[in-house]
Amino acid sequence: MTQNPKKADPKAPLRGIRVIDLSTMLAGPLAVSMLADQGADVVKVEAPEGDTSRRIGPAKGDLSAMFVAANRGKRCITLDLKTEGGREVLRKLLSDADVLVENMRPQVLERLGFGRAALEALNPGLVHASVTGFGPDGPYAEGRAYDAVIQALSGMCAVHAQPAGSDPLLVTTTLCDKLTALTAAQAISSALLARERGAGGQHVQIAMLDAALAFQWPDAMYNHVFLDDAPPPAPEFGASHRPWKTRNGALTTNTPQRSELVGLVTALGRPELADDPRFASVPALQRHGQALRDELGPVLAELDTDEAVRRLMAHGVPVGRVNNRTEVLCDPQVVHNASLCEVANGDVGRVRLPAGAARFGQGARQLPGPAAHRGQHSREILADLGYDAEAVQQLLASDAVA
């Protein structure tokens, strides 16, 4: 299959890598979009009804905002894998691919004829990444998993109760899906490196539950690390972390280093608090975080947000104003970094997307490509696979391809 011309940038680190994306919704597709950002040629294979995420969020036709963000830079073909014609097209796609990403429940690929043995026979060098909710087996393996379910099981709901000990809360963004996407993209890249070193293709399995637990462990679960002669539990790291109200908004800060605490209390006209034993160390601060808020909250409440930020920055205090969604777009550092970009997305016009977060060497940042309509590239991809016009028409007529 020919390389997508859009991905021919010689500086793109994954140039020449071909990915077949069978995943839906968010975790799998977002992981693959990161690979596309870095130059991989991605073919997204959708069922005739299309990815469910096409119907979530504001939309223009079959392109929703969620779908555009999680499926940028991909070509799309629609296959009915319940038909032999659709399965044959998928076999051709996989025969010279580098990566397959799917998030089907265990055994579904097997039933379709694409189990591990079949994939290894078809393409021994294929990196096959399976993204599941709970893992390949176990008591929950056949259950359906969405972000809220994983937040609950991983302890994330309990951790975000405010104040600590109150009713559990869901984080109001699909955090587990997105951190799983990051985990999957990194694991796929590692598997490709291993293949380059002679290890061949392999099956990489990423469970959302496992990714969420790993994400939680350094801080939210640190009282569960030591098993032998465990030290006394420490106050939860983020228990007192909340925005500070200002006269016309809010800001956040954190002062784990002594110099930062000194800067905070000095900037706010309360330098004597630096010698208060309640705030003399990180453990003490964790125990008495609310007391510090009681001392400094009234001072900040009288200050304009921008003035408070200037004072704290001048004293070396880590600080950020709390931006609303619109303010994020024009934040000076966001603008300076060119963190966001505008992409021409065909008949729906321009869309705003994040630029690739990673910068490689001195080259220009890898910018995302547009998202495709359902089946937009079906004919083009079939032609790349060697199907002539008559064969393409037969596939379309049989409903194997839409």
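The values are calculated or read from the model by the stated rules, or taken from the named source; none is laboratory data. This structure is a prediction, so every number in the text was calculated from the model and none was measured. Counting neighbours? That spans all protein chains shown, and the Cβs are built from the backbone with ideal geometry, glycine included. Note: areas computed on protein heavy atoms with side chains; ligands, DNA, RNA excluded. Shrake-Rupley method; radii C 1.70, N 1.55, O 1.52, S 1.80 Å.
Scanning the chain for long hydrophobic helices, with DSSP H runs required to stretch 18 angstrom or more by C-alpha along their axis and to average at least -1.0 on the Kyte-Doolittle scale, returns 175-194.
Taking every alpha-carbon pair under 8 Å whose residues sit at least 6 apart, the range 31-97 reaches a relative contact order of 34 percent.
Local charge for residue 256 was computed over the other residues whose Cβ lies under 15 Å away, with Lys and Arg +1 and Asp and Glu -1, and equals -1. Solvent exposure of residue 134, expressed as accessible area, is near 30 Å², computed with a probe of 1.4 Å over the protein chains only.
Between the range 121-162 and the range 183-244, what is the C-alpha centre distance in whole Å? Computed from Cα coordinates, the inter-centre distance equals 14 Å.
The convex hull around the C-alpha trace of the range 182-255, projected and averaged over every direction, spans 9.3 square nanometres. Taking every DSSP beta bridge that has both ends in the chain, the antiparallel portion is near 40%.
Per residue, the solvent-accessible area of the range 231-375 (1.4 Å probe, heavy atoms of protein chains only, all protein chains present) comes to 58 Å². Length gained on full extension, residue 248 to residue 217: 7.6 nm, using 0.36 nm per residue less the C-alpha separation. Near residue 103, the amide H atoms lying under 5 Å from its own belong to 23, 24, 131; only residues 5 or more places off or on other chains count, and H is placed 1.01 Å from N. From its DSSP helices (H runs of at least four residues, each -39,500 (n - 2.57)), the chain gives a residue-normalised ellipticity at 222 nm of -10000 deg cm²/dmol. Sorted from longest to shortest, the spans of the Cα atoms of the range 1-90 along the three principal axes equal 36, 35, 21 Å.
In this simple spin-label model, placing a label point 7 Å from the Cα along the Cα-to-Cβ direction at both residue 398 and residue 336 gives a separation of 5.9 nm. Under a Cβ-Cβ cut-off of 14 Å, what is the net charge of the residues other than residue 180 that fall near it, where Lys and Arg count +1 and Asp and Glu count -1? With Lys, Arg at +1 and Asp, Glu at -1, the neighbours total -3. Taking every alpha-carbon pair within the range 261-402, the share separated by more than 23 Å comes to 64 percent. The magnitude of the dipole of the range 106-244, with charges of +1 and -1 set on the Cβ of Lys/Arg and Asp/Glu and taken from the Cα centre, is near 440 debye. For the range 25-133, GluC sites (Glu not before Pro) meeting the loop criterion (DSSP other than H, G, I, E, B) and having at most 15 other Cβ atoms within 10 Å: 49.
Working from Cα pairs under 8 Å separated by at least six residues, relative contact order for the chain is 20 percent.
Under the convention that each Lys and Arg Cβ holds +1 and each Asp and Glu Cβ holds -1, the size of the dipole of the range 298-387 around its Cα centre is about 240 debye.
Net length available on complete extension from residue 202 to residue 112 is 30.4 nm, with 0.36 nm assigned per residue and the Cα-Cα distance removed. Each Lys and Arg adds +1 at its Cβ and each Asp and Glu adds -1 at its Cβ; summed about the Cα centre, the chain shows a dipole of about 740 debye. With a bin width of 10 angstrom, please list the P(r) values of the range 252-326 as percents of all Cα-Cα pairs, from the 0 bin to the one holding the largest distance. In whole percents, the pair-distance histogram is 19, 56, 22, 3, 0.
Contact order, relative form, for the range 1-157: 21 percent (alpha carbon pairs under 8 Å, 6 or more residues apart, mean separation divided by residue count). Accessible area per residue for the range 54-177 is 46 Å², calculated with a 1.4 Å probe on protein heavy atoms, without ligands, DNA or RNA.
Share of carbon and sulfur in the accessible area of the chain stands at 56%, probe radius 1.4 Å.
Think of the chain as a dipole: +1 on every Lys or Arg Cβ, -1 on every Asp or Glu Cβ, centred on the Cα centre; then among 314, 209, 240, 314 lies furthest on the positive end. Among the trypsin sites (Lys or Arg not before Pro) within the range 73-139, those in coil by DSSP and having at most 13 neighbouring Cβ atoms inside 10 Å are 82.
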